[in-house]
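The values are calculated or read from the model by the stated rules, or taken from the named source; none is laboratory data. Quantities reported herein were computed from a predicted structural model and do not represent experimental measurements. With ideal geometry, Cβ positions are generated from the backbone for all residues, glycine too; neighbour counts draw on all protein chains shown.
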């Protein structure tokens, strides 16, 4: 019962260790660093994807306006698409500022840096 689902249960008294040589196999003392990097990467990727999607929506709306050919329903649909893209872009930007403001109000300089937040380096 020493191995359970490829996880060694404290064979040397150091806690859980996995199989392999990757950082996740044996997080040891740097598990906060791994989680911090993971969280930062997820937030960064989500922000980039949201901005790209908003720009894509605005561009497709502009193309739809050009191709509407005077059709009022197509023109209105394209305007709504552009409005949706702009609102989405504004929400992404405001969300980043809100996180910074909450961190400033709580007295936390870099609220998304968990490693610094827990004073682990």
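The number of residues in region 66-121 that are touching a helix residue (DSSP H, G or I) at 6+ places or on another chain (Cβ under 6 Å), assigned to a helix (DSSP H, G or I) and at pLDDT below 80 comes to 2. Here residue 59 meets the list (1) under 30 Å from residue 38 (Cβ atoms); (2) in contact with a helix residue (DSSP H, G or I) (Cβ under 9 Å, 6 or more places away or on another chain) almost entirely, failing just condition (1).
The C-beta contact set for region 19-48 (first residue farther than 28 Å from residue 99 by Cα, second residue at pLDDT 70 or above and surrounded by 12 or more Cβ atoms within 10 Å (Cβ to Cβ), distance under 8 angstrom, 6+ apart or interchain) comprises 23/34; 24/34; 27/34.
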